[in-house]
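Chemist: Questions regarding the structure given below will be posed in turn.
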Amino acid sequence: MTEFKGPVDFDYLRKAGEIFAPIKQLSYKKMQIKQGDIVLDLGCGPGIDAIELGRLVSPDGFVIGVDYDEVMLRKALEQVEILKMDRIVHFQHENASALTFPDNYFNSCRSERLFMHLNNPEQVLGEIYRVTKPGGNVVIIDTDWASLSIDCQSVKTEQLLSNYRLENLLTNGYSGRSLYRMFNNVHFNDIQVDVFPLYTNDLELFYALSLQETVENNALTDNIITQRELDQWRMELKQAALNNSFYCSINMIMVSGIKPY
Ligand SMILES: C[S@@+](CC[C@H](N)C(=O)[O-])C[C@H]1O[C@@H](n2cnc3c(N)ncnc32)[C@H](O)[C@@H]1O
């Protein structure tokens, strides 16, 4: 099996942030944030959400963005310093699996597109539960990669590549659709599910946001598809883009719940 070196860089995540902006906004609403709150963004990446949350808790509260990528956190901090929000938005280098915060510390917590990278998602949700105050809201967003649908002739290749992404490239490819079950297992109250269908006609954007090139190259190396099948697939997609008929869609899943008293 070829090794996956990780999909995320700062520019990729900022681009994704623009596309997911309405979903992000709804997640802040569901957190029911008040001025003065202490809020967690777990797997905060470039700090897009931490900054927005910082505006909501100002002037007395604060936000902690946690990530295990130190380079990402340094860049996130640079943004916060430019915006002069460093008193309100802090970043902490930690692994989501073993948070160092005390029990019942945060008024609310969120995490977006982290769980697909976790090999112990239920343990991490348990950690989030532990650090949330009773009555606090938790919101988790993830991609349902199993719902990826691309209009094409080479349906067999599409399915092979999609399954490869789900089962070999992502650590927890079925994360999106498993969130509801996990919220139940961890005993959150008032569990709500929102599903957001996204689509694009932009082939380049699809490649940029779906790790598609890595999926294709790794699937070829691992003999999941042949060079001939890959060439045919790429030609079809390119042709569709030239004809302005490229189509792909996917669902994002948001699950929220309240920690009981
Ligand atoms: C797809 S990015 C999403 C970033 C951000 N939530 C956003 O919406 O822009 C996933 C982030 O989770 C971080 N991450 C992955 N596994 C982690 C772990 N075990 N502990 C902490 N951060 C982790 C990555 O470094 C990356 O920044």
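The values are calculated or read from the model by the stated rules, or taken from the named source; none is laboratory data. Since the model is a prediction, treat every value here as computed from it, not as a measurement. FYI the Cβ positions are ideal-geometry reconstructions off the backbone, even for glycines, and counts take in every protein chain you see. Surface accessibility is based on the protein's heavy atoms, side chains included, excluding ligands, DNA and RNA. Shrake-Rupley method; radii C 1.70, N 1.55, O 1.52, S 1.80 Å.
Chemist: In Å², and per residue, what accessible area does region 10-258 have when probed at 1.4 Å with the other protein chains present?
Modeler: With the other protein chains kept in place, region 10-258 gives 46 Å² per residue.
Chemist: Once the Cα atoms of helix 175-185 and of the chain are each reduced to a long axis, what angle between those two axes, in degrees from 0 to 90 to the nearest 10, is obtained?
Modeler: Around 40 degrees separate the two axes.
Chemist: Carbon and sulfur atoms: what percent of the 1.4 Å accessible area of the chain do they account for?
Modeler: Exposed carbon and sulfur together represent 49 percent of the surface.
Chemist: Keeping all protein chains in the complex and leaving out DNA, RNA and ligands, what accessible area do you get for M72 with a 1.4 Å probe, in Å² to the nearest 10?
Modeler: M72 has an accessible surface of roughly 10 Å² with all protein chains in place.
Chemist: Then there's this: Select from I23, I88, I224 the residue whose mean-square fluctuation is largest in a Gaussian network model of the chain (Cα-Cα springs shorter than 10 Å).
Modeler: Of I23, I88, I224, the most mobile in the Gaussian network model is I224.
Chemist: Another question, if that's okay. In the structure shown, do any of K30/K75; K30/K238; K15/K238; K34/K84; K84/K259; K24/K156 have a Cα-Cα gap over 31 Å, and if so which?
Modeler: K30/K238; K84/K259; K24/K156
Chemist: Another question about this same structure. Can you sort K259, K133 by 1.4 Å-probe accessible area, starting with the largest?
Modeler: Order by accessible area, largest first: K133, K259.
Chemist: OK, next. Is there a quick way to get the dipole size of the chain? I mean about its Cα centre, with the Cβ of Lys and Arg at +1 and of Asp and Glu at -1; what is the value in debye to the nearest 20?
Modeler: 640
Chemist: Give me the accessible area of D69, 1.4 Å probe, in Å² rounded to the nearest 10.
Modeler: Its accessible surface works out to 50 Å², give or take rounding.
Chemist: Kirkwood Rh and Cα-based Rg: tell me the resulting Rg over Rh for the chain, rounded to two decimals.
Modeler: Answer for the chain: 1.00.
Chemist: Need one value: the accessible area of T221 in square angstrom, 1.4 angstrom probe, rounded to the nearest 10.
Modeler: The value for T221 is about 90 Å².
Chemist: For the chain, what is the calculated [θ] at 222 nm in deg cm²/dmol (nearest 500), taking -39500 (n - 2.57) for each run of four or more DSSP H residues and dividing by its residue count?
Modeler: -13000 deg cm²/dmol
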